[in-house]
1. Any idea of Trp80's accessible area? Nearest 10 Å², probe 1.4 Å.
2. What is the percent carbon and sulfur in the accessible area of the chain, measuring with a 1.4 Å probe over the protein chains and ignoring ligands?
3. How big is the charge dipole of the chain about its Cα centre, in debye rounded to the nearest 20, if each Lys and Arg gets +1 on its Cβ and each Asp and Glu gets -1 on its Cβ?
4. At 1.4 Å probe size, with every protein chain present, just tell me what the per residue accessible area of the chain comes to in Å².
5. Treat each spin label as a single point 7 Å out from the Cα along the C-beta direction, and report the Ala88 to Ser36 distance in nm.
6. Please compute the length gained on full extension between Cys26 and Ser66, using 0.36 nm multiplied by the number of residues separating them and subtracting their Cα-Cα distance.
7. Suppose the Debye formula is applied to equal point scatterers at every Cα of the chain; what is log10 I(q)/I(0) at q = 0.13, 0.16 Å⁻¹?
8. Order Thr51, Thr92 by their accessible area, 1.4 angstrom probe, all chains in place, largest first.
Amino acid sequence: TALGITVHSMGLMLLGRLIFGLGGECLVVGQSAFISAWFHSREVAFALGFTLSVSRFGSVLNDWGSPFIAEKANVVTAFWFGALLCLASTITAFLLACIDHNHRSRHHGRPDPAVLP
């Protein structure tokens, strides 16, 4: 979307929005899978609630921050700031996948013995 705004291309903006929209649903599924693998019993409910709260808080910050950045700089800068945050989120997701993979490799797919179900 940020690239589409920069080059004034409605088609590119719509494509970016489509990709972003599809990714949001995949993100929720991925978060739920990680949470169910890493947390047990009552912890799962707290972890799911916490991730939902952080997500909603991010939406509130976006509703406040994007107009602020657009006012102080311009709309294009606000969109590129959002794209930068999405890139940081993607990098973090890959790091989480590496941590999860290393953890599962060490325990050969078994749950962590320090965590009681």
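The values are calculated or read from the model by the stated rules, or taken from the named source; none is laboratory data. These figures come from a predicted structure and were not determined experimentally. Cβ placement follows ideal geometry from the backbone for every residue including glycine, while neighbour counts extend to all protein chains displayed. Protein only, heavy atoms only, side chains kept; ligands, DNA and RNA dropped before computing areas. Shrake-Rupley method; radii C 1.70, N 1.55, O 1.52, S 1.80 Å.
1. 110
2. Values: 6570 of 9080 Å².
After summing per-atom areas, the C and S share lands at 72 percent.
3. Values: 7 positive and 6 negative charges, 37 e Å.
Magnitude of the dipole: close to 180 debye.
4. Details: 9080 Å² over 117 residues.
Ligands and nucleic acids excluded, the figure is 78 Å² per residue.
5. Using points 7 Å along Cα→Cβ, the separation is 3.1 nm.
6. Details: separation 40, 0.36 × 40 = 14.40 nm, distance 2.39 nm.
Using 0.36 nm per residue and subtracting the Cα-Cα distance, I get 12.0 nm.
7. Log10 I(q)/I(0), no solvent term: -0.67, -0.89.
8. Numbers: Thr51 40, Thr92 85 Å².
Per-residue accessible area, sorted high to low, gives Thr92, Thr51.
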